[in-house]
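**Q** Got a structure for you, written out below as structure tokens; questions coming shortly.
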Amino acid sequence: MKQASLFGLTFLLFTSAITIVGGKLSNTYSNSEHKYQISYPKGWKVDESKGKENILLTAPIIDTITKQPEGSITIDATVNTKITPTTEIYKASMNNLQSTTKDFKIVEEGEMFLGEVKSKYVIHHSKSGTSTITTVQFYFSNGKTSFILGGTVPGETLGKNKDLYFDIAKSIKFSKK
């Protein structure tokens with residue numbers, strides 16, 4: 001089994017306004033290797049090209065200027081040798097982001113349940129060139145597997161995408177087997 005890097009976070013940077021269609025989570029992605037499933041909007045695509053440890057869900061709308069999808073979620077899974085507390089993973093990631101990201105600022109953080117699993121979430125700003133981007137990340141574990149689920153949008157707010165990103169995160173379910 002491959003191991004994903006804890007800090008191998010994928011951030012997609014967009015330079016146009018985001019308009020994500022389809023607020024209903026009508027499709028489901030299942031990952032048998034890491035024993036979870038997650039729902040996402042109709043028309044979004046699943047990209048497993050980096051393996052089962054790094055899944056990308058992208059919206060179907062492509063910005064005509066940048067040719068980028070206008071919404072995405074990444075799910076990074078890391079198999080640990082022991083059960084690692086979510087708070088430990090969160091602190092390590094925040095320390096890494098603060099030391100490597102330009103103008104990093106935490107805007108909101110909290111805890112919530114994603115299905116039956118307790119998670120820590122953070123919304124933060126950083127700079128990409130001269131533009132500010134906003135990222136939401138959810139940190140959680142299931143047994144020895146740690147997860148980071150995140151999405152990035154341009155500007156200083158998640159805007160209407162916040163509810164959609166939180167709904168996608170809350171849809172995650174783990175199988176017992």
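The values are calculated or read from the model by the stated rules, or taken from the named source; none is laboratory data. Keep in mind that what you see is a predicted model, and the values were worked out from it rather than measured. Every residue, glycine as well, gets a Cβ built from its backbone with ideal geometry; the counts of neighbours run over all protein chains shown.
**Q** Please determine whether any residue of segment 130-153 is more than 16 Å from Ser93 (Cβ to Cβ), aliphatic (A, V, I, L, M), modelled with pLDDT under 90 and in contact with a helix residue (DSSP H, G or I) (Cβ under 7 Å, 6 or more places away or on another chain).
**A** Yes.
**Q** Let me ask something else about it. Report whether or not Lys173 is over 13 Å from the mean Cα position of the chain (by Cα), surrounded by fewer than 19 Cβ atoms within 10 Å (Cβ to Cβ), at pLDDT below 85 and charged (D, E, K, R).
**A** It is false that Lys173 is over 13 Å from the mean Cα position of the chain (by Cα), surrounded by fewer than 19 Cβ atoms within 10 Å (Cβ to Cβ), at pLDDT below 85 and charged (D, E, K, R).
**Q** Here's another thing I want to ask about it. Test Ser99 against the criterion of being over 19 Å from Ile172 (Cβ atoms), buried (at least 17 other Cβ atoms within 10 Å of the Cβ) and of a type in the set (Gly, Ala, Ser), and give yes or no.
**A** So Ser99 fails the test.
**Q** Say whether the condition of being closer than 20 Å to Glu33 by Cα, modelled with pLDDT under 85 and buried (at least 18 other Cβ atoms within 10 Å of the Cβ) is met by at least one residue in segment 70-92.
**A** yes
**Q** Can you name the residue in segment 90-109 that is of a type in the set (S, T, N, Q) and in a helix (DSSP H, G or I) and, of all such residues, is farthest from the chain's Cα centre (by Cα)?
**A** The selected residue is Ser99.
**Q** Here is a further query. So, in segment 111-128, of the ones that are more than 15 Å from the chain's Cα centre (by Cα) and closer than 17 Å to Asn95 by Cα, which residue ends up surrounded by the most Cβ atoms within 10 Å (Cβ to Cβ)?
**A** Checked segment 111-128; the qualifying residue surrounded by the most Cβ atoms within 10 Å (Cβ to Cβ) is Ser126.
**Q** Next question, about the same structure. What are the residues in segment 16-34 that are part of a loop (DSSP other than H, G, I, E, B), surrounded by 13 or more Cβ atoms within 10 Å (Cβ to Cβ) and at pLDDT 90 or above, if any?
**A** Residues satisfying the conditions are Leu25, Glu33, His34.
**Q** While we're on this one: Somewhere in segment 140-147, is a residue within 25 Å of Pro41 (Cα to Cα) and under 12 Å from the mean Cα position of the chain (by Cα)?
**A** Yes, the conditions are met somewhere in segment 140-147.
**Q** Now for a separate question. Could you tell me how many of the residues in segment 74-89 are assigned to a strand (DSSP E or B), among the hydrophobic types (A, V, I, L, M, F, W, C) and either closer than 14 Å to Phe140 by Cβ or touching a Pro at 6+ places or on another chain (Cβ under 8 Å) (or both)?
**A** The qualifying residues number 2.
**Q** Taking the condition of being assigned to a strand (DSSP E or B) and touching a Lys or Arg at 6+ places or on another chain (Cβ under 7 Å), how many residues in segment 110-135 meet it?
**A** Going through segment 110-135 one residue at a time, the tally reaches 6.
**Q** Could you check Ser131 against (1) under 29 Å from Gln37 (Cβ atoms); (2) exposed (fewer than 14 other Cβ atoms within 10 Å of the Cβ); (3) touching a residue at least 12 places away in the same chain (Cβ under 8 Å) and say which number it fails?
**A** (1)
**Q** Of all residues in segment 142-165, count the ones that are farther than 17 Å from Asp103 by Cβ and touching a residue at least 60 places away in the same chain (Cβ under 8 Å).
**A** Final tally of qualifying residues: 16.
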